[in-house]
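See below for the structure under consideration.
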Amino acid sequence: MALKNLELVLQEAGCTFADVVVLNTFHVGDCTTVNEWFLPLKKEIFPAPYPAWTSMGITSLAIPGVLIEISAIAEMPNK
């Protein structure tokens, strides 16, 4: 859901996942467990060269039940 929402925001700005240069993810719980499924998904969605990525394990997010939060910086394509 978080990646789908990110895709919608990128599309609204005229960008794609290929335009993302910085990716920050905040995972509730142990990052190593989350990365077992997130790393393959990230490599599938973001083409090389991959964005700079910071992954942080945290105890909770502001919205109860949410397990991941994503922030990204994208470079606007030349038009």
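Derivation of every value follows stated rules applied to the coordinates shown; laboratory data play no part. Computed from a predicted structure; not experimentally measured. Counting neighbours? That spans all protein chains shown, and the Cβs are built from the backbone with ideal geometry, glycine included.
Students often get this wrong: which residues of region 1-31 have the backbone nitrogen under 15 Å from the point 7 angstrom along Cα-to-C-beta of residue 63?
The answer is 1-9, 26-28, whose backbone nitrogens lie closer than 15 Å to the label point.
What angle do you read, to the nearest 10 degrees and between 0 and 90, between the alpha-carbon axis of helix 2-12 and the longest principal axis of the chain?
20
Please state the charge dipole magnitude for the chain, taken about the Cα centre, from unit charges on C-beta atoms (+1 on K and R, -1 on D and E), reported in debye and rounded to the nearest 20. Before the final figure, lay out each step's value.
On the way: 4 positive and 8 negative charges, 15 e Å.
That gives the chain a dipole magnitude of about 80 debye.
If I compute Rg and Dmax of the Cα atoms in Å from the structure I just sent, which labelled value in (1) 14.2, 47; (2) 12.9, 42; (3) 19.2, 62 lines up?
The calculated read-out lines up with (2).
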